[in-house]
Amino acid sequence: MRFFYFVPVLILAALAASPAPAEEPVTDATVASAPTPETLESKLFDALKRERDPEKARSIASQIMASWKDSGSATVAFLMQWADTSIDQKKNAAALDFLDQVTVLKPDYAEAWNRRATLHYAMGDTRKSMADINEVLKRNPRYFPAIAGMATILTESGQDELALKAWERYLDIYPAEREAQQAVEKLSEKLAGNRT
C-alpha cells in the first residue's frame, strides 16, 4: 500500500526538479506579429472579395459572421443568449427587452443592432428594422447581412433602384453570393424594362 502512496510523490518531485520547457521570450516583435482581430477580419474580407467559388466564399463569410458574434463581454453574451431563447419561444417582447439592454450596455456591438433589426422585420415592423439596420451600418459598413436586409426591405416596398444599389453594395463585399447575383440581375432587368 505504501508503494502506491509514494509513486505519485516521486513523480511530482521528479517533475518539479526537471527543467521547464524553454519558452520563447515575449518581445515587442512577437506582440507586433500577432494578428489583431481587425487584421484578421480585414484578411477575411480580402479573401471573401477574391473568392469566386460559392462554397468557399460561404465558409469565409461564416468565419466573418462568427467573429462579429464575439462581444468581449460575458454579460452581453448572456443577454444575447436570453434574447435567442426568447425568440425561439416566440416571446418577442422579452427578446426586444434583452436586445435593448445590449444596445445600451454596448452600443458599438453591431450584432445586437442586427439581431434587433431581424426581430423587428419578423414582427412586421420594417420602419424599426430599417432604423436598426442603419445603426448596424454606422458601426460596420461591411456588415453584409444587414445590407441584405436593407435590400430585401427596399425590394418589398417597391423601391427597386435603391434595392439594386444595396444589392450591388452587398456584391462589392461578397461577390460570390448567388442569391445576391440573382437579385441584381432580376432588378436590373425589371428597371431596364420600365425604362423602355
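The values are calculated or read from the model by the stated rules, or taken from the named source; none is laboratory data. All values derive from a computational prediction rather than experimental measurement. Here Cβ is always computed from backbone atoms with ideal geometry, including for glycine, and neighbour counts include all displayed protein chains. Surface areas here come from the heavy atoms of the whole protein model, side chains and all, with no ligands, DNA or RNA. Shrake-Rupley method; radii C 1.70, N 1.55, O 1.52, S 1.80 Å.
In region 138-151, the residue that is farthest from the chain's Cα centre (by Cα) out of those that are surrounded by fewer than 18 Cβ atoms within 10 Å (Cβ to Cβ) and in a helix (DSSP H, G or I) is K138.
Here is a yes/no grid of residues against (1) of a type in the set (D, E); (2) within 17 Å of the chain's Cα centre (by Cα); (3) within 20 Å of L171 (Cβ to Cβ); (4) surrounded by 14 or more Cβ atoms within 10 Å (Cβ to Cβ):
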residue: S71; (1), (2), (3), (4): no, yes, no, yes
residue: D97; (1), (2), (3), (4): yes, no, no, yes
residue: T103; (1), (2), (3), (4): no, yes, no, yes
residue: E135; (1), (2), (3), (4): yes, yes, no, yes
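Scanning region 73-82 for residues that are open to solvent by less than 60 Å² (accessible area, probe 1.4 Å) and within 16 Å of the chain's Cα centre (by Cα), which turns out nearest to A122 (Cα to Cα)?
Step one: filter region 73-82 for residues open to solvent by less than 60 Å² (accessible area, probe 1.4 Å), giving 73, 76-77, 79-80.
Then drop every residue that is not within 16 Å of the chain's Cα centre (by Cα), which leaves 73, 76-77, 80.
Numbers: S73: 27, V76: 22, A77: 22, M80: 17 Å.
So the residue we want is M80.
Exactly one residue out of T85, T118, T126 is among the β-branched types (V, I, T), open to solvent by 50 Å² or more (accessible area, probe 1.4 Å) and within 18 Å of the chain's Cα centre (by Cα): that is T118. Anything in region 132-155 that is touching a residue at least 24 places away in the same chain (Cβ under 8 Å) and of a type in the set (K, R)? List them, or say none. Matches in region 132-155: R139, R142. Region 3-122 holds helices (runs of 4 or more DSSP H) entirely within its bounds, and those carrying 2 or more residues that are in contact with a Pro (Cβ under 9 Å, 6 or more places away or on another chain) and modelled with pLDDT of 95 or more map to 37-50, 54-69, 110-122.
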